[in-house]
Amino acid sequence: MTDRADAGPPPGVTGAPDGPQGSADTPVDLGELARRALADELTPGEFRAAFHAARVYCPAPERPGLVPLDLPDGERIVPVFSSPRTLGTLLGAAGRYFSTTGEDLLDLLPEGYDLLLDPGDETSLRLRAAALRPPTPPTGDAGDTDG
């Protein structure tokens, strides 16, 4: 667990700046990909694949886990950040955080919660958990009956 929000990102998944995934030289910039998604420059599938591979940063509570928020309007979210810098703007330099991949974060996400990417930033984006999970293949033909 990292205690400084201004620490550089750990080695992680990489991608090219002009695509959701790419070379091993450039880390995935999830904030930039969110901007591109908002501008309809990425398909939902491209963003989902990039999110799964990206390194994300979460506030670290005293006890291990995520910080789920139940908002007064009934919304249920978990804040997540695209970089230590964006997290630091909300928590300050003394804020504790941890990082993981987007795919692993979805495994930790409590049922019924969505993610809020970069809250407080101009490109803040609500990410529906169901839309970030891989599509489930059909289990069979509903119209087929034997007998």
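Readers should treat all values here as calculations from the given coordinates under stated rules, not as data from a laboratory. Small disclaimer: the values here were computed from a predicted structure and weren't measured. FYI the Cβ positions are ideal-geometry reconstructions off the backbone, even for glycines, and counts take in every protein chain you see.
Scalar couplings 3J(HN,Hα) for the range 119-127, obtained by applying the Karplus form with A = 6.51, B = -1.76, C = 1.60 to θ = phi - 60°, are x, x, 8, 5, 10, 3, 9, 7, 10 Hz; x denotes Gly and Pro.
Please give the per residue volume of the convex hull enclosing the alpha carbon atoms of the range 45-94, rounded to a whole number of Å³.
Spelled out: Cα convex hull of the range 45-94, divided by residues, is 120 Å³.
Kirkwood analysis of the Cα pair distances in the range 30-130 returns a hydrodynamic radius of 13.8 Å.
Counting neighbouring Cβ atoms within 10 Å and putting the fewest first, the residues THR86, THR136 line up as THR136, THR86. Taking θ as phi - 60° and the Karplus parameters 6.51, -1.76 and 1.60, the scalar couplings of the range 29-46 work out to 9, 4, x, 5, 5, 5, 4, 5, 5, 5, 8, 6, 8, 10, 6, x, x, 5 Hz in sequence order, x denoting glycine and proline. For ASP114, the amide hydrogen comes within under 5 Å of the amide hydrogens of ARG76, ILE77, VAL78, counting only partners 5 or more places away or on other chains and with H modelled in the peptide plane.
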